[in-house]
Every structure is written in C-alpha cells, then in structure tokens.
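Structure, as structure tokens:
The values are calculated or read from the model by the stated rules, or taken from the named source; none is laboratory data. Computed from a predicted structure; not experimentally measured. Every residue, glycine among them, receives a Cβ derived from its backbone with ideal geometry; neighbour counts consider all protein chains shown.
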Amino acid sequence: MAAVGSTISNNRLTSINCTNSGSTGINFTGVAGQNFSIFNNTINSLTSTFSTGINLNSNFTLANIYNNQIYDINGTTAAGIAYGIRINTGTTCNIYNNFIRDLKAALASVDNSVIGINCTSTTASSSINVYYNTIYLNATSTGTNFGSSGILHTGSATSTTATLDLRNNIIKNTSTANGT
C-alpha cells in the first residue's frame, strides 16, 4: 500500500519468474482517495501463468502512468495471460507515452490472452485517458483458441462509467489468432 500522493518511478523490474498463479511488475493496491504516478520504469522478463507489467487494483482518485517500457511479458500455461497495463478500478486514469511490446502466451487457449492495455474498470463516474502510447504485439500460441488486443476496453451502458478517451496511439498487432 502506498500513501496519498505516491510516486513509483525510475525502477528496473526484471527477470521475475513465478511458478504459482501470477507475476506482476508493479501492483498498485491502495485506498480510496489516493493520487499517484507511475513513470520512467522498465519492466521486463516476467514469466508466470498470469503476467502483468503494471496492475492497478485500487479505488484511486487520480493515476498517471507514463514513460514506462514494458516488454517480454509471458503467460506460460494453457490458461496463461500477458498484459502490459491493466486498469481494474479508479476514478481518473491517464495512461500516456508508454512503450509496450513482446507480450507472449505461447500455450494459451484463451480468447484474448495477450493485451497491451486492458481497461476493465467499471467504476461509476470514471474516465480512462489513453494517449500517445506505442504497442507492438506479435504473439502466437499452440492453444485451441487464442487471440490478442492492442487495447481492450470494457464498455458500460452508463455513459459516465469508465469513459474512454483514446487518442494518438500507435498500435500494431501482427499476432496470429487460433480457433473461434
């Protein structure tokens, strides 16, 4: 847990291998009302069933995630996933100028197992702003069903829930899908 106004910056998180269920470079779990920034970090060589470069799983007020390099993230089993950045909750999240590449899930049999930026927040009156990121995906899998997304956003019927402002990103996804 971090204090209000926290900064996570200028770190190099590399070669994290977990044989259990998950491997995460930065996992921010805080308390309601927090403002924080995650920037200038290099996160690479994460290997586990579920691998994520940056995971936000707290009811924050404002998060700024920028200038991070995230690469060589590996989901290692048939249920494996590899995410660059995952936003699970929060009020306002600004994600900009990040470079995400080389996400893999070579054995995955999951419809969408490789995702550059995964926005699954369903927080009421919230917004996710995604600007000037570069995402390059080139994943394959031997699994029965396999898919990938540069950016995934979970929509809502409520117009003020997890609204997405997506601008000026470069997304190249040459991954090969399998199955249905």
- line: Restricted to the stretch 61-71 and to residues being within 13 Å of the chain's Cα centre (by Cα), part of a strand (DSSP E or B) and not aliphatic (A, V, I, L, M), the residue farthest from residue 145 (Cα to Cα) is 66
message: Just to verify a result, which residue in the stretch 148-180, among those that are touching a Phe, Trp or Tyr at 6+ places or on another chain (Cβ under 9 Å), surrounded by 11 or more Cβ atoms within 10 Å (Cβ to Cβ) and among the polar types (S, T, N, Q), is farthest from residue 92 (Cα to Cα)?
response: 178
- prompt: Applying the selection to the stretch 141-174, what residues are at pLDDT 95 or above and part of a loop (DSSP other than H, G, I, E, B)?
  reply: 168, 169, 174
field: Among (1) under 15 Å from residue 51 (Cα atoms); (2) in contact with a strand residue (DSSP E or B) (Cβ under 7 Å, 6 or more places away or on another chain); (3) surrounded by fewer than 20 Cβ atoms within 10 Å (Cβ to Cβ) - the single one residue 144 does not satisfy
entry: (1)
- request: Determine the pairs where a residue that is at positive phi, located within the stretch 114-132, has a partner that is part of a loop (DSSP other than H, G, I, E, B) with Cβ atoms under 6 Å apart, the partner being 6 or more residues away or on another chain.
  value: 125/160; 132/97; 132/168
- request: Scan the stretch 78-117 residue by residue and report those that are crowded, with 18+ Cβ neighbours inside 10 Å, more than 14 Å from the chain's Cα centre (by Cα) and among the hydroxyl-bearing types (Ser, Thr, Tyr).
  value: 91, 109
task: Keeping to the stretch 58-68, report how many residues are in contact with a Gly (Cβ under 9 Å, 6 or more places away or on another chain), without any contact (Cβ under 8 Å) to a residue 60 or more places away in the chain and surrounded by fewer than 23 Cβ atoms within 10 Å (Cβ to Cβ).
output: 3
- request: Tell me, please, whether a residue that is in contact with an Asp or Glu (Cβ under 6 Å, 6 or more places away or on another chain), closer than 28 Å to residue 167 by Cα and not in a loop (DSSP other than H, G, I, E, B) can be found in the stretch 37-60.
  value: yes
- prompt: What is the one condition in (1) modelled with pLDDT of 95 or more; (2) farther than 24 Å from residue 72 by Cα that residue 101 does not satisfy?
  reply: (2)
message: Residues to consider are 74, 17; find the one that is surrounded by fewer than 16 Cβ atoms within 10 Å (Cβ to Cβ), under 22 Å from residue 110 (Cβ atoms) and at pLDDT below 95.
response: 17
message: Could you tell me how many of the residues in the stretch 80-94 are under 19 Å from residue 124 (Cα atoms) and modelled with pLDDT of 90 or more?
response: 5
message: When you scan the stretch 158-165, do you find a residue that is under 16 Å from the mean Cα position of the chain (by Cα) and not small (Gly, Ala, Ser), even just one?
response: yes
- request: Under 6 Å between Cβ atoms, at least 6 apart or on separate chains: pull out the pairs that start in the stretch 79-100 with a residue that is of a type in the set (Lys, Arg) and end on any residue that is surrounded by fewer than 23 Cβ atoms within 10 Å (Cβ to Cβ).
  value: 86/55; 86/118
